[in-house]
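The values are calculated or read from the model by the stated rules, or taken from the named source; none is laboratory data. Keep in mind the model is a prediction, meaning the values are calculated, not measured. When we count neighbours, we look across all protein chains shown, and the Cβ atoms used for this are built from the backbone with ideal geometry, even at glycine. Side chains are part of the model used for accessible areas, which takes the heavy atoms of the whole protein and leaves out ligands, DNA and RNA. Shrake-Rupley method; radii C 1.70, N 1.55, O 1.52, S 1.80 Å.
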Amino acid sequence: MREADVIELQGPRIDEIAPDNLLTPRQATVLRWAADTYLQAFPNTPSVLIWHKNKTILRKGIMSEVGDELEVLAIVHKALAMPPDRDGLSQPTYIPDLQVLPGKVEFMRYLPALCQAVVLQPFDNNKGLIVLGGNKRRDLTPKDLAKARVVAQKVQSSLSE
């Protein structure tokens with residue numbers, strides 16, 4: 001089987017974090033660290049969005065040109081409905097080939113055009129969600145998803161302070 005191509009995602013490069021009245025300086029630092037960690041650890045995942053308590057609190061990387069708020073529609077709703085474990089995290093939802101999914105339009109409001117893959121990692125007993133958008137189909141392994149979960153635990157710990 002031929003390896004999937006890396007696709008150039010279309011959209012502006014964004015680096016936004018929620019205002020100071022929503023986050024402590026330490027929380028902002030941890031969120032920036034988490035985004036940078038995802039972008040460095042997964043080079044074919046150039047889009048990071050962190051959503052918590054019904055607000056998008058971080059967007060970094062290549063994002064959509066048409067919107068910025070995460071909408072809880074069918075696929076995200078299903079990810080957030082997964083039962084959390086005792087640590088407050090649910091299993092990630094990995095969509096390795098977003099382009100064949102009829103529901104891909106659900107992500108077009110906040111992820112870039114031509115996004116190839118998506119990871120949805122719920123945290124904080126499903127009150128938060130980390131969304132990673134990829135530029136290559138089937139690029140992440142179970143080991144990668146486990147690493148993404150560790151970063152999500154740090155985000156969760158920080159936001160619960």
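Restricting attention to the range 26-42, does a residue exist that is assigned to a strand (DSSP E or B) and either more than 14 Å from residue 119 (Cβ to Cβ) or at pLDDT 95 or above (or both)? Give the steps one after another, and end with the answer.
Residues of the range 26-42 assigned to a strand (DSSP E or B): none.
No, every residue in the range 26-42 fails to be assigned to a strand (DSSP E or B) and either more than 14 Å from residue 119 (Cβ to Cβ) or at pLDDT 95 or above (or both).
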Test for residue 154: is it in contact with a helix residue (DSSP H, G or I) (Cβ under 7 Å, 6 or more places away or on another chain) and surrounded by fewer than 21 Cβ atoms within 10 Å (Cβ to Cβ): yes
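Could you check the range 56-110 and list, in sequence order, the residues that are among the basic types (Lys, Arg), surrounded by 14 or more Cβ atoms within 10 Å (Cβ to Cβ) and assigned to a loop (DSSP other than H, G, I, E, B)? Reasoning before the result, please.
Of the range 56-110, the ones among the basic types (Lys, Arg) are 59-60, 78, 86, 104, 109.
Retained after the next criterion (residues that are surrounded by 14 or more Cβ atoms within 10 Å (Cβ to Cβ)): 59-60, 104, 109.
109 - this is the single residue of the range 56-110 that is among the basic types (Lys, Arg), surrounded by 14 or more Cβ atoms within 10 Å (Cβ to Cβ) and assigned to a loop (DSSP other than H, G, I, E, B).
Filter the range 26-70 down to the residues that are basic (Lys, Arg) and in contact with a Lys or Arg (Cβ under 9 Å, 6 or more places away or on another chain) and list them by number. So that I can check it myself, show each step before the final result.
Going through the range 26-70, the residues basic (Lys, Arg) turn out to be 26, 32, 53, 55, 59-60.
32, 53, 60, listed by residue number.
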Members of the range 23-32 that are open to solvent by 20 Å² or more (accessible area, probe 1.4 Å) and under 19 Å from residue 63 (Cβ atoms): 28, 32
Enumeration of residues in the range 45-55 that are in contact with a helix residue (DSSP H, G or I) (Cβ under 9 Å, 6 or more places away or on another chain) and assigned to a loop (DSSP other than H, G, I, E, B): 45, 46, 53
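Among 158, 64, which is modelled with pLDDT of 95 or more and within 26 Å of residue 19 (Cβ to Cβ)?
Values: 64 fails: modelled with pLDDT of 95 or more.
Unique residue meeting the criteria: 158.
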